Amino acid sequence: MQAFALTLDEYLKVAKDEVYKLRRLTRIDELTSDEANDMAYQMHVDFYDPNLPLDTRRQLIKNSINFHRIKGTPAAVEQLIDILFGDGVVEEWFQYNGIPGHYRVKTSNPAATRDRVAEFYRAIDSVTRFSAKLDSVVLEQTEQMDLYFGAGLHMRDIITARMV
């Protein structure tokens, strides 16, 4: 009887672990790559690419409900850019004297406009409202530089001595 109980205990532990895996919403940070892909499909993640790093995919899944709630707003574009590319700010037309209904994105991540340009535009289009048009992507770059400044001042008086 004791052997039967030990064997049953082992099977129940395996079943308990499998049941725990069913609660995927509470363990998004533990999802495997395949589980993340399945969950993204189930939660209708607008911009999702299975080739993205696993941590990025998990973050997209975590924020998918929020993206659906704020879709079509500048905040949705900013949050998606922050997840995928690190940083970005949306400027609407009235902030830069543009055409009504247009906007532009400012970022300091050079990969956002060079290496991954198609991905960048596809990501923005996935959360932008249809009536809004993207004017441009502005790449801001800041560099650490040594700046030297010097000044000199020269004053002189001219004295002329004449003999009379």
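The values are calculated or read from the model by the stated rules, or taken from the named source; none is laboratory data. Fair warning: this is a prediction, and the values are worked out from it, not measured in the lab. Here the Cβ positions follow ideal geometry from the backbone for every residue, glycine too, while neighbour counts run over all protein chains shown. Heads up: the accessible areas ignore ligands, DNA and RNA and are worked out on the full protein's heavy atoms, side chains in. Shrake-Rupley method; radii C 1.70, N 1.55, O 1.52, S 1.80 Å.
Of all the residues that make up segment 24-69, how many are surrounded by 15 or more Cβ atoms within 10 Å (Cβ to Cβ), within 16 Å of the chain's Cα centre (by Cα) and among the hydrophobic types (A, V, I, L, M, F, W, C)?
So the count comes out to 6.
Across segment 83-123, which residue is most open to solvent (accessible area, probe 1.4 Å) among those that are of a type in the set (Val, Ile, Thr) and farther than 17 Å from Gln59 by Cβ?
Ile99
Please list, ordered by residue number, the helices (runs of 4 or more DSSP H) wholly in segment 63-144 having 1 or more residues that are within 30 Å of Arg27 (Cα to Cα), in contact with a Phe, Trp or Tyr (Cβ under 7 Å, 6 or more places away or on another chain) and at pLDDT 85 or above.
Values: elements: 64-70, 74-85, 117-127.
Of the helices (runs of 4 or more DSSP H) lying wholly inside segment 63-144, those with at least 1 residues that are within 30 Å of Arg27 (Cα to Cα), in contact with a Phe, Trp or Tyr (Cβ under 7 Å, 6 or more places away or on another chain) and at pLDDT 85 or above span 74-85, 117-127.
Residue under question is Arg27, and the condition is that it be modelled with pLDDT of 85 or more, of a type in the set (D, E, K, R) and assigned to a helix (DSSP H, G or I); does it hold?
Values: modelled with pLDDT of 85 or more: no; of a type in the set (D, E, K, R): yes; assigned to a helix (DSSP H, G or I): yes.
No: the conditions fail for Arg27.
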